[in-house]
Amino acid sequence: MYKYDQYDQAMVDARVEEFRDQTRRRIAGHMNDDQFKPLRLKNGLYLQLHAYMLRVAIPYGTFNAVQMRKLAHIARTYDRGYGHFTTRQNIQYNWIKLEQAPDILAELATVEMHAIQTSGESIRNVSADQYAGAAADEIIDPRPWAETIRQMTNFMPEFSYLPRKFKIAVIASKVDRAALRWHDFALRIVRNEAGEIGFEVYAGGGMGRTPFIAHKIRDFLPTTQIFSYLQAVLRVWNRNARRDNIHKQRMKILVHELGQEEFSRQVEEAFTHFLSLGQDFPQAEYDRIAAYFTPPPFEQGLSEDLDLSDPAFAAWVRLQTVAHQAPGYAIANISLKPVGGIPGDISADQMDRVADLAERFSFGEIRATHAQNLVLPHVRKIDLPALWQELRAVGLADANLDLVTDIIACPGLDYCSLANARSIPVAQKIAERFADLERQEDIGELKIKISGCINACGHHHAGNIGILGVDKKGTENYQLLLGGSGDEETSQAKITGPGFDEDGVVNALERAVDHYRAVRQPGERFIDTYRRVGMDGFKEAIYV
Amino acid sequence: MKVLTGNDLKTGAVTWWDGVQWSLHVEDAVDVGDHADAIMAREQAAQRVNGPYAIDAEKTADGVRPAHIKDRIRALGPTVRPDLTLKPADPEIGNWVI
Amino acid sequence: MSDTLRFRDDQAADEPAVSLDAFLDQPEADSVRIEAGEDVTLLFPHLGRVRLVEIDFPRFRDGRGFSTARMLRETGYKGEIKATGDVLVDLVWFMRRCGFDSFAPNVAFDPAVVEASLARYPFVYQDSGDAAVPIWALRHPGLAHG
C-alpha cells in the first residue's frame, strides 16, 4: 500500500500544527464557534450529542496493522475504548475532547493518517472497492488513482469553500461494491477498444433529502487528464450552485436543474480550458504511486482444500469469504454486525486483535467497507480455519455478509445531533428477530439500511429495505422503503406508506420478508422479486 | 420550565445551567424564566459554554425531565450503551429516555 | 484603507471600485467590484483598462470568489485582486494561491496570524495558477512543469 514520502509527511504534519493553533485560538476566545466550525469540520471534528466526534480518514478504505493499532490506542487513550466504522470507509470516535484533538491528529500523523477533509464543505475522503487489489473480477487495482486523487484534492485552493460536501468513488470492476452512482463524482476504470485504461465518469449522485442517482457524463476519460476534468467539474459547480439554501447546494441539484446534457457541455468546455493550462499530473507520478500497490508476494501452489466438516466454520467460509485473484487465497470479511451489537462498532481490544491477525494472515493489510465491516484481503485458504478460530475468540466470527442481519445503520439519535430518531435499536431488534442463521440463509441477500434522519448517512435510499427515522410530534417514527440498491443496477428505494413505531417497523419488515418468500421464484434475491412484482403486493402484505 | 443546556467548550461534555455554573447533571438544571438569552450571551462570551440553547422541561418526582427525547438522550447518554451513560448502574435507565 | 493587507509594490488604485454594471458603462473606470454570483467573464474583454478587481465575500461560506480570482489570473490579468467582506484569515494562503494579492476584510486580521497562516504549508500538492511548484514536480525533477 501507499507510503508517505517527506512531502506527504510534511503536509500532514503542517496540518496538525495548523489545527493546534486554530484550537488554541478558539479556546482563548479569539474565534467563536461559528468561525471555528468550518475549520474543525475540515479536520473531521464535529460537535455531537454528547461530545466532540472525530472522523479519521481511511483513504479508499485501505489501512494496515500498524495503523489499526494506533486507532486502538486512540480509542483507549482519548476516547472510551471503541470506535465506529462508517459508511464512507472511515472510523469515528464519539467522546473526543477539543483540547486533545490536536494531539490525536499528531498521533495519527505518526502512522501516515489524518482527518483532513473528512467533513465540512470539502472534497471528502475518496472511497473505493474494498476488495481492490484482491478481487478476482477487477481489471486493474483502482487504488493508485484513488491515492492520486487524494493528493490532488487535499488543500485545493480554488475549492476551499465548496457549496457543499463532495464525495468521490473509484472502482475497477463491473460489479459495483462501492455504491458508485450514489456519489457526487464517480469513476469506473474501463478498457477501451484500443486496450487503453480510462475512466467512465459519473456525476450528480447523492442521497440526503433529495436523492439522485448519478448520470454517466463521459464514456472514456484518459486517466492522465483526471486533474483537469475534476477541476472542470468542481469549477462549474462552485460557480453555478445556489448559495441561498444549504439543502439545494449539492452538485446533484445543479446537475438536475441544468440537465445532464447542459451540465456535461459546461464541464467539457471548462475541461478544454483546463487541459490547455498544462496542470495535469504526469504519467510518471501515477507510475510512482502505482508502484506502492504492487501485489504482495503471493505463494504459488497452495492447496485449495478446506476441511468444512464443522458446520459453523463451513457457514463462515460460505458467507464471509470471497474469490481472490491469486490461486490458493481468499478475501475474508470480518463482520462488525454481531446480533444485538452496534453496526460498525469495534472495541480497542478487537482492533488490536484484528491488527495481529492482519499481520499473521494478510500481509498486514486491512480494509474498511462502506457496509461497516472489515476485510482481510489476502488470506491463504489453508489459514482460514486458524483465522476463524482467532476471530471467534474475540467475537468477530459472525457469518452474515449481505444477509438480513448485516445491517447498515447510522449512529442515529443515540449519538448524532442531526438525527430525529434512533437507528441502532431498530437494527438490533431486526437482527434479534432474524438471528437464526438457517432462516437468514433461506432469505438470502437482503441489504437493510437504516438512517435516523433525512440526511441518509445510513443509506436508506439504497437499501433493498430502507428504514428512515423521523420525528413525529416528539416521538420516534419509522418509514419503510423498498427496492433500493447501491450495486451496478442502482435504484432508489420507495416509501411503502405510513410510518410505524419501533416495534411496528420491525413487524412490517418481517411481513415484507415473508411476502418475498411466498412469491419469489427460484434463485431470486429479495431485490429481484421486488423488481419483478412491484410495490403493490408488498404494500398489501405490510399494511394488513 | 425553561432550562439551558449546551456543551463544555474544551471537553464537549453536555452541560446544564444550575443557576451559578454549568453542571453535568440535568437534575441540577434550574428554571431560567425570561433570562435565557442574557445568560447564554454572557456565558458564551466568557467561553464557558458552546452552542447553548433553551429547552422546555418539566419538574417530576425523578428530577428535571426535558420535553424532547433528543435532550433526554443528551442528558443521559447513548441508550444503546448503558455502561457509558451517567447512570451505568441502573439497567432500566434507558426507559427514562422513552 | 489602512486596514488593507497588500502584497503588491505598485501604487494602489485611488478611485473606488464601481459595480460591474457601472464599470461596463464607464469607459474611464479602472477599478471594478465583483459581487458573489456575478459572472466575471463579462469583464474579460475589458481587462486592459482594469487596475483593481475587488471580489466580495458576503459570507465566508460563499466560496465563489475563489474561482473568480483564479479565472482572472488564468486570462493573464496582472492587476490587483482584492478580497473584501467576510474573509477568514485561515484561508488567506489558499486565497493567495488563487491570485488574491490584497485583503480588506470586515474585521482586520491579526498580523501574527496572517504570518503564521502564510508560512504554514511547506509544499503544495497541485497547481493553482500561482508560482508554487507542486509536489509531483519536486518528485520528478527531470520532468517539465507548467
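The values are calculated or read from the model by the stated rules, or taken from the named source; none is laboratory data. Computed from a predicted structure; not experimentally measured. Ideal geometry is used to build each Cβ from the backbone, glycine not excepted, and the neighbour counts take in all protein chains shown.
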*Mind telling me which of the residues A:287, A:310 ends up being closer than 30 Å to residue A:437 by Cα and either touching a Lys or Arg at 6+ places or on another chain (Cβ under 8 Å) or of a type in the set (Asp, Glu) (or both)?*
A:310
*asked:* Restricting to region C:32-51, and then to whatever is within 14 Å of the chain's Cα centre (by Cα) and not in a loop (DSSP other than H, G, I, E, B), can you tell me which residue is surrounded by the fewest Cβ atoms within 10 Å (Cβ to Cβ)?
replied: C:33
*Within the group A:432, A:489, A:445, which residue is outside any loop (DSSP other than H, G, I, E, B) and either under 21 Å from residue A:337 (Cβ atoms) or away from chain B (no Cβ under 13 Å) (or both)?*
A:432
*Please go through region B:39-96 and pick out each residue that is among the aliphatic types (A, V, I, L, M), more than 9 Å from chain A (Cβ to nearest Cβ) and more than 23 Å from residue B:21 (Cβ to Cβ).*
B:61, B:89, B:93
_Failed item, numbered, when residue A:66 is tested on (1) at pLDDT below 95; (2) closer than 26 Å to residue A:289 by Cα_ = (1)
*Quick one: which helices (runs of 4 or more DSSP H) sit completely within region C:69-146 and have at least 3 residues that are of a type outside the set (Asp, Glu), within 17 Å of the chain's Cα centre (by Cα) and buried (at least 16 other Cβ atoms within 10 Å of the Cβ)?*
C:92-98
*Mind listing whichever residues of region C:88-146 are facing chain A (nearest Cβ under 7 Å) and acidic (Asp, Glu)?*
C:90, C:127
_Sole residue being more than 20 Å from the chain's Cα centre (by Cα), within 14 Å of chain B (Cβ to nearest Cβ), hydroxyl-bearing (Ser, Thr, Tyr) and farther than 13 Å from residue A:333 by Cβ, chosen from A:417, A:423_ = A:417
*Answer yes or no: is there a residue in region A:63-83 that is away from every other protein chain (no Cβ under 12 Å), on the phi > 0 side of the Ramachandran plot and not charged (D, E, K, R).*
no
_Test: residue C:18 is surrounded by 13 or more Cβ atoms within 10 Å (Cβ to Cβ) and over 28 Å from residue C:113 (Cα atoms)_ = yes
*For residue A:57: the one exception among (1) away from every other protein chain (no Cβ under 11 Å); (2) over 30 Å from residue C:113 (Cα atoms)*: (2)
*Among residues of region C:55-71, those that are free of Cβ contacts under 8 Å to residues at least 40 places away in the same chain and more than 12 Å from chain A (Cβ to nearest Cβ), counted*: 1
_Residue under question is residue A:479, and the condition is that it be at pLDDT 95 or above and in contact with a Phe, Trp or Tyr (Cβ under 9 Å, 6 or more places away or on another chain); does it hold?_
yes
*Just to be sure, is residue A:267 in contact (Cβ under 8 Å) with a residue 60 or more places away in the chain, within 28 Å of the chain's Cα centre (by Cα) and assigned to a helix (DSSP H, G or I)?*
yes
*Within region A:12-24, is there a residue that is among the β-branched types (Val, Ile, Thr), under 28 Å from the mean Cα position of the chain (by Cα) and more than 7 Å from every other protein chain (Cβ to nearest Cβ)?*
yes
*If you check residue A:179 against the conditions, is it touching a helix residue (DSSP H, G or I) at 6+ places or on another chain (Cβ under 7 Å) and closer than 19 Å to residue A:222 by Cα?*
no
*Exactly one of (1) on the phi > 0 side of the Ramachandran plot; (2) at pLDDT below 95 is unmet by residue B:86. Its number?*
(1)
*Residue under evaluation residue C:54, criteria (1) buried (at least 16 other Cβ atoms within 10 Å of the Cβ); (2) assigned to a helix (DSSP H, G or I), criterion not met*: (2)
*Which listed residue is in contact with a helix residue (DSSP H, G or I) (Cβ under 6 Å, 6 or more places away or on another chain) and either within 26 Å of residue B:74 (Cα to Cα) or at pLDDT 95 or above (or both), from A:59, A:38*: A:59
*Quick one: how many residues across region A:457-479 are small (Gly, Ala, Ser), under 24 Å from residue A:371 (Cβ atoms) and within 14 Å of chain B (Cβ to nearest Cβ)?*
1
*Is it fair to say residue A:458 is in contact with a Ser or Thr (Cβ under 7 Å, 6 or more places away or on another chain), buried (at least 24 other Cβ atoms within 10 Å of the Cβ) and assigned to a loop (DSSP other than H, G, I, E, B)?*
yes
*Answer with yes or no whether residue A:398 is crowded, with 20+ Cβ neighbours inside 10 Å, over 24 Å from residue A:305 (Cα atoms) and modelled with pLDDT of 95 or more.*
no
*Given the conditions (1) closer than 20 Å to residue A:71 by Cβ; (2) surrounded by fewer than 24 Cβ atoms within 10 Å (Cβ to Cβ); (3) touching a strand residue (DSSP E or B) at 6+ places or on another chain (Cβ under 7 Å), which single one is not true for residue A:420?*
(1)
